[in-house]
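Note sheet for the following structure.
We did not get these values from a lab; they are worked out from the coordinates using the rules stated. Given the structure is predicted, the values throughout are model-derived calculations rather than measurements. Note that we place each Cβ from the backbone using ideal geometry, even for glycine, and neighbour counts take in every protein chain shown.
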Amino acid sequence: MVTARRSFEGSLPIASMRRLCEVLASADGEVKFELDFGRDSLGISYVDVRAQAALTLTCQRTLEPFVLPLVLDTRLGLIRQERDEAGLPADCEPLLVAEDGRLNPAEVIEDELLLALPLVPVDPESSLPDEVTGHDPDEVLAGEGRSENPFAVLRELKKQAPTRS
């Protein structure tokens, strides 16, 4: 594929990616992908991976599902031994391939999607429930504009405390 500079494009059902499905809230949808194989000016074999997917994750703040749109554009340097990683350009991530040079494109795409997922998925449009924060939205609005000294409560307690002789 590298020598012929082959390109592939298509889509894969998310449900076919077992490892990815284990971390998702839903396996609905598909991944659109493009793979371009080639060799750069230094003679390094690579595959460019471009993929788009809308993945349903569970927000760790609200425990509700939300959709995270992912867009990947990665260059993977094809290496046969780990020591070859040092010879890769800075913009190239290593991909260790078998001695026969074969790789499974679906696994490569799944690996890249897994690596792109956030460690702790949080819906950017979510907020903590009032029960958790202890704030009533009406009190927050009413309290705007005045600044209270956080030590005022301590000062009152000190006034009320009996003095010791």
Quiz item: What does the charge dipole of the stretch 1-45 about its Cα centre add up to, to the nearest 20 debye, if the Cβ of each Lys and Arg holds +1 and the Cβ of each Asp and Glu holds -1?
Solution: 200
Practice problem: Quick one: grab the alpha carbon gyration tensor of the stretch 1-135, order the square roots of its eigenvalues as a ≥ b ≥ c, and give me rounded if a/c is under 1.5, else prolate or oblate depending on whether a/b is larger than b/c. | Solution: prolate
Quiz item: Using the Karplus equation 6.51 cos²θ - 1.76 cosθ + 1.60 (θ = phi - 60°), what ³J(HN,Hα) coupling, rounded to whole Hz, does each residue of the stretch 6-23 give in order, writing x for Gly and Pro?
Solution: 6, 10, 9, 8, x, 9, 10, x, 4, 4, 7, 9, 4, 5, 5, 4, 5, 9
Exercise. Between beta-carbons, use under 9 Å as the cut-off and find the net charge around Pro94, counting Lys and Arg +1, Asp and Glu -1.
Key: -4
